[in-house]
Every structure is written in C-alpha cells, then in structure tokens.
C-alpha cells in the first residue's frame, strides 16, 4: 500500500484538451502527476503475488500480481478509481464503478473512473476474454476495500476506539455510540500517520447478500455525454495543428510494392508525403486533401501480386496446409462396433464490423509520444507503437477514450502505429481514421474453420466415442460438455491466407455450431428427441439448468412435435469462459430465405453484477450472432476482398430482430463470470437445427443457406 497526498483528478480526463499539458509517457514523476491531478490522497494497492506469479514491474505488468487498484480521494471528497481496462460499449465503466462504490460504501454517482491511460492507470491487462468481471472487478473491490479500511483505521486512531466501534456509510466513518463522524474528505486532508502504514491484510469483501450497489442496474455513468454528443470518441479527437493522414494500401493480399512516386502529392498545397520502406502515407490539412494526395500517389504505384486462394477454395486450402496434417480417426474399434457418424462443418471468415472504425491521433513532444486511439489493449498497444517508432515504452503514452465497439477486433494498434509513424515524419500531430472499406479489408477477421467430427452410438443410443478436430479457428469451447465414452478433441493450426485474430467468443461460436448441430444428427440416429438426447449425456448441473429452463420457457416438447409448413424449431446449449447458455429458436422459411422469428435464451454467469447491462450483453450477442449464422461471410478472389461495404456485406438490420425472451439465471452462491461473449455461441446451431426441423435439410456451413435458395 502506497500513499501520495498530492493528487486530485480533473474533470474530463478523456478530454484531450484537458490533458494538453499532461506529461508524455508512462514514467510519471510525482511533480508531473500533480500537474494533472492536483491535491488529495492517492492510495495505491499492490497485492503480494500468489505462488508462481511474477511481481509487478513498471506500469503494473499484467494481471498476475499487478497493481490491483488506485483509489484517489480529493480534498472535496470526490472519489476517483483508475483502471487499465477500457470501455467499448460492453459496460465495464458501470460495472467497475459499482465495484468501487460497493466497497467504499458510497453511491455509484460518487465514483469517477479513469480508464485505459498508460500514463495514469495500472495495467489491468487486455480488455478481452470476458476477464473484466472475474479478474478486474475483484481487484478493484480489493483496492477499494483496502482504502476504506485504511481510512477507518485513521478515524479509529483519532478517536482512540476499536474497529468494532465504528461503521462506514455514505462515505463517512461513524461512531456507533456518540454519533461522531469523519467524512472521507476529512480523513484525506488529515496528516494522520495511520494512513502511511501498510494496508490491513486480507480485507474482507462485501458478501453478496449485503450488496447495495453491485447486483443493481446502474446505468452507464457517462451516458448523457454519449447521447448529447459531448463525449469525444477516438475518431473525434482534435489536436492543435493536426493533419489528416492516409496510408497507401496494396491492391491485394501479399502484393509487394515495387515502385512509387511521391512527387504528385508533394506538389499539392499543404501536403506532406513520406515513404519508409513499404510504408507510404500522406498528410494534409483536411481529409479531402489527404484523399486527393493519396489518389495521386496510388496512380504511380507498381505492385507485384502474390498467389492467393479464393473464398471458394479456402476450406480445402486450410486442410491442405494443416500443420502436422489432419488427425486420423481415433477410435476405430468403437466406430466398427456401433453406429458411426462422420460429418465435416465449414465456418467462413467474418469481420467484426464495429460502429467506429479504427482511429488514432498521434502527437510528438520532443522524444515523447501521446496516442489517443481505440484499442482493447492499451499497454500492449503502447509496446507495439514504441517498437514501431524505435523508442522505449516509457516514452509512449496511450490514452483510450470510450470507443465505438471492438468485439475482439481491436487488440492491436494498427491505426496508432500508422499515426505515430506519420506524425514523427511530418513533425505535427496526425489523425488516422480508417474508412469502412479499409476496416472490412485490412482489419483481421474471425478465423475460418474446417471442423471434422466422428462419433459412435451403441444399440441403446448412448455415445461410445467422440473425435473432434478443428482446423484453423482455435480451441475455445473445443472440449465436449457431454459424456461420450472415449473422447478426443483437437485444435490444429493452419496457414491462414487471411489476417485473422480474436472475435467475440473466439472459436467457441464455430465449435459450438459444429458440435450442437452434430448432436442433433446423433439424436436423429439414436431415434431420440434432441433435448432428451442431450440431457441423457449431460452431467454438468449448470449446463443442465440453463437447458432445462430454456426448454421449459419455450415449451419445447409441444413445439418440437408441432408441424407447420416452412416453420421449424431448434435448440442448442454450451459453456465457455465459466458461463452457461441455452437457446431455443423458431424460424420460418419463405422462398428459400430463412428468418428467425423467436429466440428464447437462458444465460447463467454466477452472481449477476448489473442486470440491465448483462441483459443488454445477451441481446447484443444474439443479434450479432444472427449475422454470421445467416448472411455474413467474407468473399475474396485473387487476394482482393469482393464485399468490403455495407451494401455487399450484410450484418443484421432492425428488420432482422426477432421476438426475444431472455432469462438471466442469477446464482448469488457462485463467483461472477463474464457475460459479453458466451451468449453468442448458442444462436447459430439452434438456427441450423431449426432449419432441419422446417426443411429436412442438414446445413453444415456458416452462414446457413439452403441448397435450393
């Protein structure tokens, strides 16, 4: 526990004008920190690392043993909590505010959060993998609880009473007898030496049954700024003297630049053009002027293309380039003795399609650099940018204002690196803002997959073997949750011809699609209802609970037996990231087109921290999942993307929104898990199974299309 009495956060820390005088880089001195935050009391909590974990290095150093929280109390009693996590629409700002407020015994409105600033906040790790809830919320709670107890001990010392003689409520330490009280501000302004002692060990966190702020639907703290336009997203950032940058892109994947002439751009008024190897870019006073300059440069560029498979050939390509080859059948005896099934599923590359495309503003001050950008990984981006421009991490500060979505697609610092390189070359602040076409073409994709499944049933319809191989897309939710006799599940890498990376739920959406559709095929082979077949092979009580609840709410037995032309129902379930989901859907098929009419989804992720926000995450997952399930896929030929626009790449529209029946299964007896990813994994397989119910056709590919459509 470290104490610094000289800090007070200003209003609008995400406002670049407010931070104009801020120091560049994360190696902040006490003096420079004071310039930003002013006077007050800062309590920095550094827990001892657990066995096998490394101690935190400079700037925090990640989740294991990192700085857990920094709590600041201003002279006027204002409370600020700093975290390296970021807000991209998933609700982390509200949830972490609640976590601090709960342990500090104040309303959520009393807490201000400073997020994702490598110069001010601890490194709480990347905002991904549904880790904010199970990892950062406890860390912030621990820090806030330790801060509370430090202040309580200070009050007890001044009153010469035991801890049991006082209570904490509404930001005040109150004597149970006598009615004396100290506000947090009173204690922050004191010179009590108790505040310089070590933090009390093993501070108890508030049990769920006593929660007053956690467990409630606290709205997003800066919601008013978002709807009134007062908030500035990364793409809105403006710096004095700023130029607008554009980068020359290849005409196709793998194309090599062999010649280019910058003279036409340099001849334009106010335009600067630079080349550093294959990096060619222009900067101009307006976006329009930059576009004109880039077009002039592009006319002079010569490229050497590279061979590249088309989207029609890509699945065979992935199989041919599987590292170590495609694994052979694992359980020959079981397959020979029982009823054997073998199927292959294909999942296309898809884009994240965030509302806000990649954007960054870079500004150099001497040898130090500040970058405002949209990234889910502030400290990772800091390192990436530092390497790109050849300076140490301590010379780069990354600031992440709340941004317009990521979905796993903004783990890297693409725009930040480009802006930093161009700004360094031209000697002025530069903004890079990707176009929608650039986002569709050059941002990384959710990996395509070839999934090979082989299983066997005995005479009683019981699974006796299960062999599952995912080629290329990864191991998330790879293992089957079902009892399957002998089972082997393998993830095999391949040489992806497209740039690929994280996506909401990673490979879990592909793996759950293939597994749950195949489970329906096995149920049919066993002559059993899909629900009963799953339950007969399911031992996990949490997964059983969501499946049974979804089936009950949907009235599965009656709907599954009902036959209506062109109408079908399907179900699916799954688990990932420590949470559990089940979905039942009703679809309609008209002239070959599939529409989803109703979705009933039950989701369980332990104790619910913010019901409204969690419900919004489930809704978002369902609607996002509709896209890859029914329409979304990247089409490409000769290394060029063919559908890099909203006119040709079709995410769900408002008219696609089905009737939704969402039920959150609250488990206050269990630790909270993340809820931003797992709800997406059940929607596609439930639709696929409903298509078979309606049309009698098994579709083993995402997006799901009927053969006669």
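Here are the numbers:
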read-out	value
Sorted largest first, extent of region 372-454 alpha carbons per principal axis (Å)	58, 27, 24
Fraction of antiparallel bridges per DSSP, region 298-450 only, in percent to nearest 5	75
Semi-axis lengths (Å, descending) of the ellipsoid that matches the C-alpha gyration tensor of region 309-448	44, 16, 14
At 1.002 mPa s and 20 °C, Stokes diffusion of region 556-709 via Kirkwood alpha-carbon radius, µm² per second	131
Distance histogram in 5 Å bins (all Cα pairs of region 317-400, percent per bin)	3, 10, 14, 11, 8, 7, 8, 9, 8, 7, 6, 5, 3, 1, 0
Computed helical MRE - 222 nm, the chain, DSSP H runs ≥ 4 contributing -39500 (n - 2.57), nearest 500	-8500 deg cm²/dmol
Coordinate range along principal axes, alpha carbons of region 450-532, Å, largest first	45, 21, 18
Relative packing of peptides 397-410, 129-142 - highest average C-beta neighbours within 10 Å first	397-410, 129-142
Rounded Å value of the spacing that divides the Cα centres of region 528-561 and region 91-122	40
Most to least packed among 617-628, 382-393 [average Cβ atoms within 10 Å]	617-628, 382-393
Whole-Å distance, taken between Cα centres, linking region 568-618 and region 625-692	10
For region 516-634: rounded, prolate or oblate by the Cα gyration tensor [a/c cutoff 1.5]	oblate
Gyration tensor verdict on region 518-569 (Cα atoms; rounded if a/c is under 1.5, prolate if a/b is larger than b/c, oblate otherwise)	oblate
Stokes-Einstein translational diffusion, region 306-350 - Kirkwood Rh over all Cα pairs, 0.692 mPa s, 37 °C, in µm²/s	246
Rg in Å to one decimal, and Dmax rounded to a whole Å, for region 256-372 via C-alpha atoms	25.0, 79
Evaluated over the chain, the Cα radius of gyration and Dmax, each in Å	27.7, 84
Rounded, prolate or oblate (a/c below 1.5 giving rounded, otherwise prolate when a/b exceeds b/c) for region 449-702 by Cα gyration tensor	rounded
Ranked by how many other beta carbons lie within 10 Å on average, peptides 504-515, 530-541, 567-578, 475-486 from highest	504-515, 567-578, 475-486, 530-541
Of all DSSP beta bridges in the chain, antiparallel share, percent nearest 5	75
In range of the label at residue 258: residues from region 301-331 whose backbone nitrogen is under 16 Å from the point 7 Å along Cα→Cβ	301-307
Distance from region 357-412 to region 444-493 (C-alpha centre basis), Å	38
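Only the coordinates and a few stated rules stand behind these numbers; no lab work does. Being a predicted model, the structure only gives us computed values, none of them experimental. A quick note on method: Cβ atoms are made from the backbone with ideal geometry, for glycine too, and the neighbour counts reach across all protein chains shown.
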